[in-house]
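To keep things clear, I will list the structure first and then write my remarks on it.
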Amino acid sequence: MKHIITLFILVLSFHTWAQTDSWEKQFDKANALFQKEKYRDALEAYKGIEEQGISSPEVFFNLGNSYYKTHDYVNAVYYYEKALKLTPENKAIDTNLNYARKELVDDITIIKEYDNQDILHQTLGKLSVDGWATFATVMAFVVLLCFIAYYLSSSSMVKRISFVLVILSLVIIGGCSYAASFEKKYATKEVTAILFDKQVNLKEDAKNTSKTVKELHAGTKVYILEKKALWVKVRLDNQETGWVEESTLKYI
């Protein structure tokens, strides 16, 4: 029975490795097609990777680049936004996103409104969730070393220093845990989407007979505030709000 379980684990590990290896090879082939300026072929190759359930900022970024090269700026914006959601500090993605936005019909001024969470994120966002977790792991090793030094040393000075370092490290670990938890929640704070219909009427209320507040077009980013039946209340980058039909957009 033990040998069967071991064999099963080995087979499962090999299968997982094979899938990863296959994905990486497909990605390399897609990149090669892109480098040869075969953008539509590259696009199909990247889409094939996405259809396997791969959620990678590199794949999304290259999908955005491929759509941009084929002049499909709406999809380019959509995939740049998906890539940026996974790696918000990536300047290359942000730059390409801004280029793609310039090709859209709507030119909406971005007006930022900051709350307390946004302000805290400005500091804690210097490290990713994984970064804070790594920092906490390092401090855990420091705690272990200090414990060892405390019990093995006969010097009262070393014991006092070790004790202080243990307390300080535990406080830092607690802070890292809070920061990682905060950043994880902050990442899911806003639900965003891209409009895909060629023309979308931003309504005052969730019904077709309501007054049209603004005429929007494909590629515009919206922030989801509320849902009501087939409608969603959205906020634009300029802080205007209104209702659009949910079928007109794709969630990022």
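The values are calculated or read from the model by the stated rules, or taken from the named source; none is laboratory data. Just so it is clear, the structure is predicted and the values come from calculations on it, not from any experiment. Cβ: placed from backbone, ideal geometry, glycine included. Neighbour counts: every protein chain shown. Remember, those area values only see protein heavy atoms, side chains included, never the ligands or the DNA or RNA. Shrake-Rupley method; radii C 1.70, N 1.55, O 1.52, S 1.80 Å.
Close contacts from segment 228-252, counting a first residue that is closer than 30 Å to residue 56 by Cβ and a second that is charged (D, E, K, R) and open to solvent by less than 50 Å² (accessible area, probe 1.4 Å), with Cβ to Cβ under 9 Å and a gap of 6+ residues or different chains, come to 236/106; 236/221; 237/221; 244/203; 252/81; 252/82; 252/221. So, in segment 205-223, how many residues would count as being assigned to a loop (DSSP other than H, G, I, E, B) and free of Cβ contacts under 8 Å to residues at least 60 places away in the same chain? So the count comes out to 7. Every condition in (1) loosely packed, with under 14 Cβ neighbours inside 10 Å; (2) touching a residue at least 12 places away in the same chain (Cβ under 8 Å); (3) of a type outside the set (Val, Ile, Thr) is met by residue 128 except one, and the failing one is (1). Output the residues belonging to segment 186-204 that are outside any strand (DSSP E or B) and more than 29 Å from residue 117 (Cα to Cα). Hits for segment 186-204 are 196, 197, 198. Inspection of segment 93-105 identifies at least one residue that is surrounded by 12 or more Cβ atoms within 10 Å (Cβ to Cβ) and in contact with a strand residue (DSSP E or B) (Cβ under 6 Å, 6 or more places away or on another chain). Per the conditions (1) surrounded by 13 or more Cβ atoms within 10 Å (Cβ to Cβ); (2) closer than 25 Å to residue 84 by Cβ; (3) free of Cβ contacts under 8 Å to residues at least 40 places away in the same chain; (4) not polar (S, T, N, Q), the sole criterion not satisfied by residue 147 is (2). Only one entry of 109, 137 meets the criterion of being among the polar types (S, T, N, Q), part of a helix (DSSP H, G or I) and out of contact with any His (no Cβ under 7 Å at 6 or more places or on another chain), and that entry is 137. Considering only segment 28-69, state which residues are surrounded by fewer than 14 Cβ atoms within 10 Å (Cβ to Cβ) and among the hydroxyl-bearing types (Ser, Thr, Tyr). 55, the sole residue that qualifies. In segment 202-214 there is no residue that is surrounded by 15 or more Cβ atoms within 10 Å (Cβ to Cβ), under 30 Å from residue 75 (Cα atoms) and within 21 Å of the chain's Cα centre (by Cα). Right, residue 126: among the basic types (Lys, Arg) and either closer than 30 Å to residue 90 by Cα or under 32 Å from the mean Cα position of the chain (by Cα) (or both) or not? Criteria met by residue 126.
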